[in-house]
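Structure record follows, encoded as structure tokens.
The values are calculated or read from the model by the stated rules, or taken from the named source; none is laboratory data. These numbers were taken from a predicted model, which means no experiment stands behind them. Backbone-built Cβ (ideal geometry, glycine too); neighbour counts: all protein chains shown.
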Amino acid sequence: MALPVGAKVVLDTNVFIDYLRAGLHANWVIGPVGKTIRFLSSVVVLELDVGADTPRRKKAVDRLKDAFPPSRVIAPDVWAFDQAGVVFRALYGTVRGDRLGLMNDILIALTARRIGAAVVTSNLGEFHRIANHISGLAVIGP
């Protein structure tokens, strides 16, 4: 999917993790992306912080977070949490087990859609399923 000039994107956690582990998706994380405007989801910050279990990893995550000015860090609002419950039930019913990751993906998607941004993710299958329940959500691979 080609992005229009001046498009907004929210990078999913896996894009940052791939970059930190293997240098993948550098253009999306730190490189020039034309006139595309990158945003950081507070949900992604949470997931990155959970994985920053050594001083080296914490420093790497802190550098990524510092690359985004406060005006480019977005957080789910009350509406997003309300809608996340509706979308989760539609997608997963009463699934048991690890529900946090699934809910986080929905919150990332809803927050991106709220600002008119596409989600850039390696987890295309899951985000396309979510997009079927969130009108106007664009999902692209890195």
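Taking region 38-58 as the search range and keeping residues that are of a type in the set (A, V, I, L, M, F, W, C) and surrounded by 13 or more Cβ atoms within 10 Å (Cβ to Cβ), which one is farthest from LEU110 (Cα to Cα)? Here the residue is ALA52. Would you be able to say whether some residue in region 60-72 is more than 23 Å from ASN27 (Cβ to Cβ) and either surrounded by 20 or more Cβ atoms within 10 Å (Cβ to Cβ) or modelled with pLDDT under 95 (or both)? Within region 60-72, not a single residue is more than 23 Å from ASN27 (Cβ to Cβ) and either surrounded by 20 or more Cβ atoms within 10 Å (Cβ to Cβ) or modelled with pLDDT under 95 (or both). Just one of the numbered conditions (1) surrounded by 12 or more Cβ atoms within 10 Å (Cβ to Cβ); (2) at pLDDT below 95; (3) out of contact with any His (no Cβ under 7 Å at 6 or more places or on another chain) is not true of VAL95: (1). Please indicate, with yes or no, whether at least one residue in region 31-38 is over 18 Å from HIS128 (Cβ atoms), of a type in the set (S, T, N, Q) and modelled with pLDDT under 95. The answer is yes; a qualifying residue exists.
Of the residues contained in region 10-17, none is found to be in contact with a helix residue (DSSP H, G or I) (Cβ under 9 Å, 6 or more places away or on another chain), within 27 Å of GLY136 (Cα to Cα) and loosely packed, with under 15 Cβ neighbours inside 10 Å.
Residues in region 18-54 that are over 17 Å from THR121 (Cβ atoms), of a type in the set (A, V, I, L, M) and without any contact (Cβ under 8 Å) to a residue 12 or more places away in the chain: 2 in all.
Please go through region 67-78 and pick out each residue that is hydrophobic (A, V, I, L, M, F, W, C) and in contact (Cβ under 8 Å) with a residue 24 or more places away in the chain. Steps first, please.
Residues of region 67-78 that are hydrophobic (A, V, I, L, M, F, W, C), as a first pass: 67-68, 73-75, 78.
Correct list: ALA67, PHE68, VAL73, ILE74, ALA75.
Within region 97-119, does at least one residue satisfy the condition of being in a loop (DSSP other than H, G, I, E, B), among the hydroxyl-bearing types (Ser, Thr, Tyr) and touching a residue at least 60 places away in the same chain (Cβ under 8 Å)? Explain how you work it out, then say what you get.
Pass one, region 97-119, residues in a loop (DSSP other than H, G, I, E, B): 97-99, 115-116.
Narrowing the set further to residues that are among the hydroxyl-bearing types (Ser, Thr, Tyr) leaves none.
The answer is no, given that none of the residues of region 97-119 is in a loop (DSSP other than H, G, I, E, B), among the hydroxyl-bearing types (Ser, Thr, Tyr) and touching a residue at least 60 places away in the same chain (Cβ under 8 Å).
Is there a residue being out of contact with any Asp or Glu (no Cβ under 8 Å at 6 or more places or on another chain), modelled with pLDDT under 95 and at positive phi anywhere in region 110-132? No, region 110-132 has no match at all.
Taking the conditions (1) at pLDDT 95 or above; (2) under 21 Å from HIS133 (Cα atoms); (3) surrounded by 14 or more Cβ atoms within 10 Å (Cβ to Cβ); (4) out of contact with any His (no Cβ under 9 Å at 6 or more places or on another chain) in turn, VAL78 satisfies each one other than (3).
Can you spot a residue in region 85-93 that is part of a helix (DSSP H, G or I) and closer than 19 Å to ILE115 by Cα? Before you say what the answer is, go through the steps one by one.
Applying the first criterion (part of a helix (DSSP H, G or I)) to region 85-93 yields 85-92.
Next, only the ones that are closer than 19 Å to ILE115 by Cα stay: 87.
The answer is yes; a qualifying residue exists.
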